[in-house]
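Q: This structure is in C-alpha coordinates; I'll ask about it shortly.
The values are calculated or read from the model by the stated rules, or taken from the named source; none is laboratory data. The structure displayed is predicted, hence computed values, not measured ones. Every residue, glycine among them, receives a Cβ derived from its backbone with ideal geometry; neighbour counts consider all protein chains shown.
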Amino acid sequence: MAWRPVWAYFAPDRSLRDQVPHDPQGYDAQGFAVEDFNLPRNLMLAASWAGYSATVEQAVGDLRRHLASTS
(Lines give C-alpha, C1' and ligand atoms only; values in the text may rest on other atoms or scores of the structure.)
Protein backbone atom coordinates (compact mmCIF):
# COMPACT_ATOMS: atom_id res chain seq x y z
CA MET A 1 0.00 0.00 0.00
CA ALA A 2 1.30 3.45 -0.88
CA TRP A 3 2.24 5.91 1.85
CA ARG A 4 -0.46 8.50 2.54
CA PRO A 5 0.49 11.78 4.19
CA VAL A 6 -1.31 12.97 7.29
CA TRP A 7 -2.26 16.67 7.40
CA ALA A 8 -3.43 18.19 10.68
CA TYR A 9 -5.44 21.32 11.26
CA PHE A 10 -5.77 23.36 14.43
CA ALA A 11 -5.53 26.97 15.47
CA PRO A 12 -1.88 28.03 15.63
CA ASP A 13 -0.70 28.10 19.18
CA ARG A 14 2.36 28.26 21.29
CA SER A 15 4.67 25.35 22.02
CA LEU A 16 3.32 22.54 24.19
CA ARG A 17 5.61 23.69 27.00
CA ASP A 18 4.00 27.15 26.84
CA GLN A 19 0.48 25.66 26.87
CA VAL A 20 0.80 23.28 29.83
CA PRO A 21 1.51 24.62 33.33
CA HIS A 22 4.68 23.09 34.74
CA ASP A 23 7.30 23.59 37.43
CA PRO A 24 10.83 24.92 36.73
CA GLN A 25 12.03 21.36 36.04
CA GLY A 26 9.34 20.88 33.36
CA TYR A 27 6.92 18.60 35.24
CA ASP A 28 3.16 19.17 35.36
CA ALA A 29 0.97 18.96 38.48
CA GLN A 30 0.62 15.17 38.05
CA GLY A 31 4.38 14.68 37.80
CA PHE A 32 4.54 14.09 34.04
CA ALA A 33 7.30 15.68 31.99
CA VAL A 34 6.02 18.36 29.61
CA GLU A 35 7.76 18.00 26.25
CA ASP A 36 10.07 20.82 25.23
CA PHE A 37 10.50 20.34 21.46
CA ASN A 38 9.05 23.76 20.54
CA LEU A 39 6.08 22.05 18.86
CA PRO A 40 2.40 22.98 19.21
CA ARG A 41 1.40 19.33 19.80
CA ASN A 42 2.86 16.12 21.19
CA LEU A 43 6.04 14.96 19.42
CA MET A 44 4.57 11.58 18.38
CA LEU A 45 1.73 13.42 16.66
CA ALA A 46 3.91 16.19 15.21
CA ALA A 47 6.47 13.74 13.83
CA SER A 48 3.77 11.78 11.99
CA TRP A 49 2.13 14.59 10.02
CA ALA A 50 3.35 16.04 6.74
CA GLY A 51 2.17 19.49 7.83
CA TYR A 52 -0.59 21.45 9.47
CA SER A 53 -2.88 24.39 8.81
CA ALA A 54 -5.02 26.70 10.93
CA THR A 55 -8.38 25.63 9.45
CA VAL A 56 -9.81 22.74 7.49
CA GLU A 57 -10.41 25.06 4.54
CA GLN A 58 -6.79 26.18 4.53
CA ALA A 59 -5.66 22.56 4.99
CA VAL A 60 -7.28 21.49 1.71
CA GLY A 61 -5.18 23.96 -0.28
CA ASP A 62 -2.03 23.38 1.76
CA LEU A 63 -2.28 19.61 1.36
CA ARG A 64 -2.93 19.99 -2.39
CA ARG A 65 0.26 22.08 -2.72
CA HIS A 66 2.20 19.59 -0.61
CA LEU A 67 1.08 16.67 -2.76
CA ALA A 68 1.92 18.56 -5.96
CA SER A 69 5.42 19.34 -4.69
CA THR A 70 6.17 15.74 -3.69
CA SER A 71 4.86 13.96 -6.78
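Q: Residues to consider are Y9, Y27; find the one that is of a type in the set (S, T, Y) and at pLDDT 95 or above.
A: Y27
Q: Based on this model, can you work out whether E57 counts as in contact with a helix residue (DSSP H, G or I) (Cβ under 9 Å, 6 or more places away or on another chain) and of a type outside the set (A, V, I, L, M, F, W, C)?
A: So E57 does not fit the description; no.
Q: Could you say whether any residue in segment 61-69 is touching a residue at least 60 places away in the same chain (Cβ under 8 Å) and out of contact with any Phe, Trp or Tyr (no Cβ under 9 Å at 6 or more places or on another chain)?
A: yes
Q: While we're here: Quick check on my filter: what residues within segment 31-49 are under 27 Å from H66 (Cβ atoms) and either surrounded by fewer than 12 Cβ atoms within 10 Å (Cβ to Cβ) or touching a residue at least 24 places away in the same chain (Cβ under 8 Å) (or both)?
A: N38, L39, P40, R41, N42, M44, L45, A47, S48, W49
Q: Restricting to segment 49-71, give me the number of residues that are farther than 10 Å from A8 by Cα and either of a type in the set (S, T, Y) or outside any helix (DSSP H, G or I) (or both).
A: 3
Q: Just give me the residues in segment 7-30 being hydrophobic (A, V, I, L, M, F, W, C) and either in contact with a helix residue (DSSP H, G or I) (Cβ under 9 Å, 6 or more places away or on another chain) or surrounded by 12 or more Cβ atoms within 10 Å (Cβ to Cβ) (or both), in sequence order.
A: Hits for segment 7-30 are W7, A8, F10, L16, V20.
Q: Counting just the residues of segment 50-71 that are among the hydroxyl-bearing types (S, T, Y) and surrounded by 13 or more Cβ atoms within 10 Å (Cβ to Cβ), which one comes out nearest to the chain's Cα centre (by Cα)?
A: Y52
Q: Also, quick follow-up: How many residues does segment 7-46 hold that are among the β-branched types (V, I, T) and in contact with a Leu (Cβ under 9 Å, 6 or more places away or on another chain)?
A: The number of residues fulfilling the criteria is 1.
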